[in-house]
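Structure first, then comments.
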Amino acid sequence: MSISRRGFIGGAGAGAVASVAVGSKAARAGGGADRFMGHPGSMGLLHDTTLCVGCRSCELACTKVNSKPKPAGPLHDKSIFSKLRRVTDKLYTVVNRYVKAAGKKPAVYRKHQCMHCQEPCCASVCFVKAFTKTPEGPVLYDPSVCVGCRYCVNVCPYYALGYEYDNAFNPTVQRCTMCYTRIKKGEEPGCAQACPMGAIVYGKREDLLKLARQRIAKFPDRYVDQVFGEHEYGGTSWLTIAGVTFDKLGLPVNASHKPLPELTAGFLSIVPLVITIYPGLLLGFHAWTKRKERLAEQERLAAAAEAKAAAEAAGATKAAQQKKLADSRHAKAVDLAVKKALAQAAKEREAESDAAKKEDTP
Amino acid sequence: MSDSTANDVGVATDVGVATDVGPATEAAPTKRPLLTPFNIIATLILLAGVAAGLYRLAVGLGPSTNLDHVNPWGLWIGFDVMTGVALAAGGFTISSAVYLFGLKEYQPLVRPAILTGFLGYFLVVVGLLVDLGQPWRLPYTFAVQAGPTSALFEIALCVALYLTTLFVEFTPAAFEWLGWKRWRALVHSMTIALTIFGLILSTMHQSTLGAMYLIAPSRLHPLWYSTHIPVHFFVSAVIAGLSMVIFESALSHRVFADKVEITHEKLDEMTIGLAKAACVALGVYLAIKVVSVSLDNEWALLFTPYGHWYLFEILGFVVLPLIGYTIGFRERRPTIIRVSAVITVLGIVLNRLNVSIFAYNWQLPAHERYWPHPYEIIVTVALVTFGVVMFKWIANRMPILHEHPDWRGDH
């Protein structure tokens with residue numbers, strides 16, 4: 001009863017989360033889960049670090065299966081653990097000793113390799129889609145399209161990818177394939193088969209989770225109550241259980257349960273908005289700027305025209321006045337000229353009559 | 001890097017031409033001396049760069065770089081790509097200001113900024129090709145199989161389109177030089193469309209370069225990691241663009257004294273105006289950086305060694321130039337503004353290197369941390385040098401720093 005009620009509340013919570021998450025409508029319609037929980041029936045591996053003795057048989061088996069050079073040093077040589085080793089292009093899996101033996105407590109060894117995430121970062125960041133999460137569980141890589149940008153190598157939270165830096169002309173990413181070809185044939189992965197301690201268990205992921213939970217419940221003092229890979233970054237196909245906290249085993253501290261690709265997806269969903277909004281917005285800005293310029297120009301022209309009109313008006317008045325003045329001056333001049341002419345004429349007439357008188361009186 | 005470039009140009013005694021620029025050298029109208037200190041140094045650097053690049057192609061990334069399985073990205077991505085794109089942001093910043101927002105008095109700065117942008121992006125692509133494991137497959141993302149869930153896909157698409165856009169925006173200068181009037185008129189008629197396209201593409205890929213790190217919260221130090229990192233990258237790109245234009249225009253004024261048309265007074269006036277814009281942008285940037293630290297409640301981290309490094313970046317390369325720009329703008333002191341611009345540019349370089357290299361993989365033990373191989377440094381220095389040489393070659397011939405007499409005032 002209590003379990004079913006918790007399940008009900010959990011489901012409601014998931015629904016509430018889904019309703020705020022972008023693009024979750026389909027997920028809700030599909031049964032209430034707000035994220036991909038892995039392909040049903042997919043395979044996985046469980047590494048029980050409390051059983052691991054650091055014999056590195058898995059390393060050797062891995063190199064054999066993948067036709068890679070043998071791992072360094074004789075397998076019984078424990079001095080190799082003095083240094084933390086990484087997964088490389090030639091060594092898909094490495095066993096490291098993380099917590100040195102102190103007192104009676106045994107050393108803790110952890111086998112590392114690609115975790116085969118349920119929602120892999122590498123697949124999300126690949127700009128030629130070279131990675132695929134198969135329904136069987138393994139994340140597969142297609143070297144034929146790889147450009148070699150190494151974005152996948154750079155962002156993997158587990159540092160689980162190697163790159164062929166010494167290959168000049170056809171370098172590719174190299175990593176654990178979960179022995180895809182073997183498991184397709186129904187065989188166990190090489191490492192699980194080789195482990196003499198039964199520390200690596202191969203099976204259906206859901207069964208392995210149950211097994212891990214059973215072990216933790218049965219021996220609560222032996223294990224930390226966490227299955228690394230159940231939820232971390234959306235979950236992985238490789239599961240790990242241990243007697244110490246996982247931060248001591250070189251795994252990410254406080255890994256969120258949210259798949260990492262979601263962190264980018266939210267941003268990338270905004271990008272199309274830039275393409276759709278910017279042209280209108282910017283043309284609007286441009287039109288606004290143009291309009292301001294046009295209005296300013298109009299204002300300038302209007303002001304100029306007004307000034308011109310005013311000037312013209314003023315000029316006209318002045319001209320009229322001048323004309324009037326000129327006219328009056330002209331009239332006076334005409335009067336004067338007429339008077340002058342009349343006076344002249346009178347004078348001439350007088351002179352003529354005088355002359356006639358002189359002629360009349362010889 | 002920028003600093004040494006500045007010196008290279010600074011010591012150049014004249015506007016000479018590099019020896020390796022092809023037959024057009026002879027066609028130059030005035031015979032310039034070839035054996036100048038600048039040309040000799042630049043040629044040596046370029047030869048070393050070509051040699052290092054060929055070595056990398058011949059033997060692969062392993063022997064030629066310090067990259068490894070935990071540090072797959074080094075200087076070529078951190079500087080050549082991440083920083084290069086930010087420093088080439090002047091093109092879209094100035095052309096948007098002039099053509100879209102009506103700040104026409106900055107017109108003389110458009111062509112140098114576009115040219116720098118074009119050369120910058122060109123070098124980004126060259127740097128990327130050197131870094132890619134199989135560079136000949138770069139078109140696969142468009143032609144064979146696209147991965148649209150990747151931030152890198154968007155960047156590849158945007159950079160390809162924007163490099164083309166910048167090239168087209170640059171062509172009017174080349175067409176004027178060649179006297180191809182029709183082509184010049186055609187491209188000129190597209191100015192507004194090109195500017196809008198450039199601003200869209202820049203907004204997208206400048207921010208998406210930051211978004212590339214969203215997926216790696218466990219590998220990037222929390223002080224630099226933020227869900228707002230795309231906004232940090234975009235705003236700082238605008239700052240980088242403005243500061244580069246201030247720095248470059250001052251440099252060009254000195255180096256190409258015979259080419260520039262605008263007076264010192266006019267340049268000072270524009271510098272003061274740009275400083276005002278840079279003030280606002282830097283102020284916004286400082287605010288959003290503080291908001292990020294507050295939202296994620298990372299104050300305690302400031303008292304760790306990485307916190308000190310973070311404070312060094314923020315106080316030394318954001319707050320200090322912000323003060324410099326403010327004083328320079330208010331007191332009308334162009335020299336203070338130019339010094340602030342150089343500090344800001346160095347700050348952008350530091351920020352991009354911090355995000356991509358110094359604060360990335362911060363939890364790894366010291367012996368696993370990355371430091372660039374000499375060959376990586378040589379190639380990077382050579383790329384920057386190539387950009388400077390190309391700028392000189394083009395600015396000495398085409399109407400970049402002055403107007404072509406046939407098209408005077410036609411913008």
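Any read-out appearing in this document is the output of simple, stated calculations on the displayed coordinates, not a laboratory observation. Because the structure is predicted, anything quoted here is derived from the model rather than measured. Neighbour counts are summed over all protein chains in view; Cβ atoms, including those assigned to glycine, are modelled from backbone coordinates with ideal geometry.
Ignore the peptide's own chain and count Cβ atoms of other chains within 10 Å of each Cβ in A:289-298; give me the average, rounded. Don't skip to the answer; put the middle values down first.
Details: counts 6, 2, 0, 1, 2, 0, 0, 0, 0, 0.
The shielding value for this peptide is 1.
Chain B: longest stretch without exposed trypsin sites (Lys or Arg not before Pro) (DSSP loop, at most 12 other Cβ within 10 Å), sites themselves excluded?
Working: sites that count: B:31, B:408.
Maximal segment without exposed cleavage sites: B:32-407.
To the nearest 20 debye, what charge dipole does the protein assembly as shown have about its Cα centre, counting +1 at the Cβ of each Lys and Arg and -1 at the Cβ of each Asp and Glu? Could the numbers behind the result be given before it?
Numbers: 77 positive and 60 negative charges, 422 e Å.
Around 2020 debye, computed over the protein assembly as shown.
Work out which chymotrypsin sites (Phe, Trp or Tyr not before Pro) in chain A are exposed loop sites (DSSP not H, G, I, E or B, at most 14 other Cβ within 10 Å) and give the longest gap free of them. Numbers along the way, then the final one.
Working: sites that count: A:36, A:169.
In chain A, the maximal stretch lacking such sites is A:170-362.
A 30 angstrom limit on the alpha carbon distance is what I want to check against. Which of A:292/B:392; A:248/B:289; A:290/B:276; A:129/A:185; A:90/A:218; A:258/B:289 exceed it?
Long pairs (Cα-Cα over 30 Å): A:292/B:392; A:248/B:289; A:90/A:218.
Find the cysteines in chain A that fail to meet the 4.7 Å Cβ criterion with every other cysteine, and list them.
A:52, A:55, A:62, A:117, A:121, A:126, A:146, A:149, A:156, A:179, A:195 - these cysteines have no disulfide-compatible partner (Cβ-Cβ under 4.7 Å) in chain A.
So how tilted is helix B:320-330 from the main axis of chain B? Cα-based, degrees 0 to 90, rounded to 10.
So the helix axis and the longest Cα principal axis differ by about 40 degrees.
Counting alpha carbon pairs within less than 8 Å and at least 6 residues apart, what relative contact order, in whole percent, applies to chain A? Don't jump to the answer; show the numbers that get you there.
Working: 468 pairs, mean separation 62.3, N = 362.
Once divided by the residue count of chain A, the mean separation gives 17 percent.
Could you work out the Rg to Rh ratio of chain A, with Rh taken as the Kirkwood radius (inverse of the mean 1/r over all Cα pairs)?
Details: Rg = 49.1 Å, Rh = 27.8 Å.
Result: Rg/Rh = 1.76.
Where does the longest stretch of chain A lie that holds no trypsin sites (Lys or Arg not before Pro) found in a DSSP loop with 14 or fewer other Cβ atoms within 10 Å? Mind showing how you got there, number by number?
Values: sites that count: A:83, A:100, A:104, A:185, A:222.
My reading of the result: A:223-362 is the longest stretch.
Given a 10 angstrom Cα cut-off, can you work out which residue in B:294, B:96, B:64 is the most mobile in a GNM of chain B?
B:294
Taking 0.36 nm per residue of sequence separation and subtracting the Cα-Cα distance, how much length would be gained by fully extending the chain between residue B:182 and residue B:51, in nm to one decimal?
Details: separation 131, 0.36 × 131 = 47.16 nm, distance 4.16 nm.
Difference between extended and current length: 43.0 nm.
Above 45 Å lies some portion of the pair distances; for the protein assembly as shown, what is it as a whole percent of all C-alpha pairs?
Details: 115915 of 298378 pairs.
Every Cα pair in the protein assembly as shown considered, those over 45 Å come to 39 percent.
Hey, got the dipole for the range A:272-338? About the Cα centre, +1 on K and R Cβ, -1 on D and E Cβ, debye to the nearest 20?
On the way: 11 positive and 7 negative charges, 18 e Å.
Here the range A:272-338 has a charge dipole of around 80 debye.
What are the ³J(HN,Hα) values, in whole Hz, obtained from phi via the Karplus relation 6.51 cos²θ - 1.76 cosθ + 1.60 with θ = phi - 60°, for each residue of the range A:305-310 in sequence order, with x given for Gly and Pro?
With the stated coefficients, the range A:305-310 comes to 4, 4, 4, 5, 4, 4 Hz.
For chain B, set up a GNM with springs between Cα atoms under 10 Å and report which of B:230, B:108, B:139 has the largest fluctuation.
B:139
If Lys and Arg each add +1 and Asp and Glu each add -1, what is the summed charge of the other residues whose beta carbon sits under 11 Å from the beta carbon of residue B:60? Walk me through the numbers on the way to the answer.
Details: positive: B:56; negative: A:164, A:166.
Computed value for this residue: -1.
Count the net charge of all other residues whose Cβ sits under 13 Å from the Cβ of residue B:240, scoring Lys and Arg as +1 and Asp and Glu as -1.
On the way: positive: B:352; negative: B:248.
My count for the surroundings of residue B:240 gives 0.
With a cap of 16 neighbouring Cβ atoms within 10 Å, and only residues DSSP puts in a loop, list the chymotrypsin sites (Phe, Trp or Tyr not before Pro) found in the range B:73-133. The partial results should precede the final answer.
Details: sites: B:73, B:76, B:79, B:92, B:99, B:101, B:106, B:118, B:121, B:122; in loops: B:73, B:101.
In loop regions of the range B:73-133 (DSSP not H, G, I, E or B), the sparsely surrounded chymotrypsin sites (Phe, Trp or Tyr not before Pro) are B:101.
Against the longest principal axis of chain B, how steep is helix B:191-211, in degrees 0 to 90 to the nearest 10, with axes from Cα atoms?
It is inclined by approximately 20 degrees.
Helix-derived [θ] at 222 nm for the protein assembly as shown: sum -39500 (n - 2.57) over DSSP H runs of at least 4, divide by residue count, nearest 500? It would help to have the intermediate numbers written out before the result.
Numbers: 26 runs with 424 residues, N = 773.
Calculated at 222 nm, the ellipticity per residue is -18500 deg cm²/dmol.
If you count the DSSP beta bridges with both ends in chain A, what percent of them are antiparallel, to the nearest 5?
Working: 18 of 22 bridges.
So the antiparallel bridges amount to about 80 percent of the total.
Build a GNM of chain B with springs between Cα atoms under 10 Å: which of B:50, B:110, B:318 gets the top mean-square fluctuation?
Among B:50, B:110, B:318, the largest mean-square fluctuation in the Gaussian network model of chain B belongs to B:50.
Could you grab the relative contact order for chain B? Cα pairs under 8 Å, six or more apart, rounded to a whole percent. Before the final figure, lay out the partial values.
Values: 534 pairs, mean separation 116.4, N = 411.
Worked out over chain B, it gives 28 percent.
How far is helix B:151-178 tilted off the main Cα axis of chain B, in degrees rounded to 10, range 0 to 90?
Taking the Cα atoms of chain B, the angle to B:151-178 is about 10 degrees.
Please list, by residue number, every one of the GluC sites (Glu not before Pro) in the range B:259-365 that is coil in DSSP and has at most 12 other beta-carbon atoms within 10 Å.
Values: sites: B:261, B:265, B:269, B:298, B:313, B:331; in loops: B:261, B:298, B:331.
Sites meeting the loop and neighbour criteria: B:261, B:331.
In debye to the nearest 20, how big a dipole does the range A:226-306 give about its Cα centre with +1 on each Lys and Arg Cβ and -1 on each Asp and Glu Cβ?
Details: 7 positive and 8 negative charges, 52 e Å.
The dipole of the range A:226-306 has a size of about 260 debye.
So what J values fall out for the range B:374-386 if you push phi through Karplus, 6.51 cos²θ - 1.76 cosθ + 1.60 with θ = phi - 60°, rounded to Hz, Gly and Pro as x?
In residue order, the calculated couplings are x, 4, 4, 5, 4, 4, 5, 4, 5, 4, 4, 4, 4 Hz.
From other protein chains only, count the Cβ atoms within 10 Å of every residue's Cβ in B:145-157, then give the mean.
Mean partner-chain Cβ count within 10 Å for B:145-157: 6.
Which whole number gives the average count of other chain Cβ atoms within 10 Å of the Cβ atoms across peptide B:364-372? Mind dumping the intermediate values first?
Working: counts 3, 2, 0, 2, 3, 0, 0, 0, 0.
Shielding by partners across B:364-372 averages 1.
Placing +1 on the Cβ of each Lys and Arg and -1 on the Cβ of each Asp and Glu in the range B:36-399, which of B:399, B:270, B:51 has its Cα farthest towards the positive end of the resulting dipole?
The residue sitting farthest along the positive end of the dipole is B:399.
Just for the protein assembly as shown, what percent of DSSP beta bridges are antiparallel, to the closest 5?
Working: 19 of 23 bridges.
That works out to approximately 85 percent antiparallel.
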